[in-house]
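Asks: Before I ask anything, here is the structure I am working with.
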Amino acid sequence: MNASDKLGIRITKYREKLGLSIEDLAKNTGIDPALITNIEEGKTYPSIGVMVKLSRALGQRLGTFTDDHFKEDPLIVRQDERKEDALPHRGKSPNGYHYYLLGKGKTDRHMEPFFIWIEPTEKVELSSHEGEEFIIVVSGEVVLTYGQKTYHLKEGDTMYYNSVVPHHVGAANGAPASIYAVLYMPA
């Protein structure tokens, strides 16, 4: 069983536990029912924004759907041991993101820390969700679309914003970039 299948099974389990149909969950999240079906069947790679909406509607932390094992404090993730298994997908991510979850295993966390490799893509999908995001540009350049404004950031630059405002972070200038991102979503 791959990570996409595990994710879909967990979402289905929590949805059914609450007595929600796929249509009910779609109405509660604003996500197309066909997308929810594809996620539950392990066919579609969900973006962070979609995962946040699903986890909130199901009354769970984002980590509930991505964690496999509990780890004692302090949780240490060595750079050379990171694996791209944070948010599962098959093949190339459609939004150019490759996620490395840095809090996986800390079951009582209140933040979601990531290392994200961003490939250049022309596809820009704004997302919004409750909470805040703090991002540090590690390599390359990124462009932040935040509401109606656009910002260009270089290595070492940071951004901190309210994530309820529609936003998108992408690689700039047709070259890959990498970031550290910490998402906070109130319980």
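Asks: For segment 11-41, which positions are of a type in the set (D, E, K, R), under 12 Å from L58 (Cα atoms) and crowded, with 18+ Cβ neighbours inside 10 Å?
Replies: Of everything in segment 11-41, just one residue is of a type in the set (D, E, K, R), under 12 Å from L58 (Cα atoms) and crowded, with 18+ Cβ neighbours inside 10 Å, namely R15.
Asks: Quick one: how many residues across segment 6-41 are among the charged types (D, E, K, R), free of Cβ contacts under 8 Å to residues at least 40 places away in the same chain and assigned to a helix (DSSP H, G or I)?
Replies: Let us first name the residues in segment 6-41 that are among the charged types (D, E, K, R), namely 6, 10, 13, 15-17, 23-24, 27, 32, 40-41.
After this cut, where a residue has to be free of Cβ contacts under 8 Å to residues at least 40 places away in the same chain as well, the list is 13, 16-17, 23-24, 27, 32, 40-41.
Narrowing further to those that are assigned to a helix (DSSP H, G or I): 13, 16-17, 23-24, 27, 40.
Looking only at that region, the number is 7.
Asks: Related question: It is to be established whether one or more residues within segment 144-153 are within 21 Å of Y100 (Cβ to Cβ), surrounded by 15 or more Cβ atoms within 10 Å (Cβ to Cβ) and touching a residue at least 40 places away in the same chain (Cβ under 8 Å).
Replies: Our first condition is that a residue be within 21 Å of Y100 (Cβ to Cβ); within segment 144-153, this holds for 144, 153.
If we keep only those that are surrounded by 15 or more Cβ atoms within 10 Å (Cβ to Cβ) too, we end up with 144, 153.
Add one more test, that the residue is touching a residue at least 40 places away in the same chain (Cβ under 8 Å), and what stays is none.
Among the residues of segment 144-153, not one is within 21 Å of Y100 (Cβ to Cβ), surrounded by 15 or more Cβ atoms within 10 Å (Cβ to Cβ) and touching a residue at least 40 places away in the same chain (Cβ under 8 Å), which makes the answer no.
Asks: On the basis of being modelled with pLDDT under 85 and on the phi > 0 side of the Ramachandran plot, does G140 make the cut?
Replies: So G140 fails the test.
Asks: While we're on this one: Just checking: which of the strands (runs of 3 or more DSSP E) contained wholly in segment 104-187 hold 2 or more residues that are more than 30 Å from P74 (Cβ to Cβ) and of a type outside the set (V, I, T)? Break it down into steps so the answer makes sense when it comes.
Replies: Details: elements: 111-118, 132-139, 142-146, 149-153, 158-162, 167-171, 177-184.
Fully inside segment 104-187 and qualifying: 142-146, 149-153, 167-171.
Asks: Look at E130 and say whether it is modelled with pLDDT under 90, acidic (D, E) and in contact with a Lys or Arg (Cβ under 8 Å, 6 or more places away or on another chain).
Replies: It is true that E130 is modelled with pLDDT under 90, acidic (D, E) and in contact with a Lys or Arg (Cβ under 8 Å, 6 or more places away or on another chain).
Asks: Test of understanding: among I135, I116, which residue is touching a strand residue (DSSP E or B) at 6+ places or on another chain (Cβ under 9 Å), crowded, with 16+ Cβ neighbours inside 10 Å and modelled with pLDDT of 95 or more?
Replies: Exactly one residue qualifies, and that residue is I135.
Asks: Now for a separate question. Within the set of pairs 6+ apart or on separate chains, which have a first residue in segment 42-56 that is assigned by TED's automatic domain parsing to the domain that holds L25 and surrounded by fewer than 22 Cβ atoms within 10 Å (Cβ to Cβ), a second that is basic (K, R) and assigned to a helix (DSSP H, G or I), and C-beta atoms under 9 Å apart?
Replies: From residues that are assigned by TED's automatic domain parsing to the domain that holds L25 and surrounded by fewer than 22 Cβ atoms within 10 Å (Cβ to Cβ), the pairs are G42/K6.
Asks: If you go through segment 3-23, how many residues are out of contact with any Asp or Glu (no Cβ under 7 Å at 6 or more places or on another chain), of a type in the set (G, A, S) and farther than 11 Å from E41 by Cα?
Replies: Total meeting the criteria: 2.
The values are calculated or read from the model by the stated rules, or taken from the named source; none is laboratory data. For clarity, every value in this text was computed on a predicted model and none was experimentally measured. All Cβ positions, glycine included, derive from the backbone under ideal geometry; neighbour counts span all protein chains shown.
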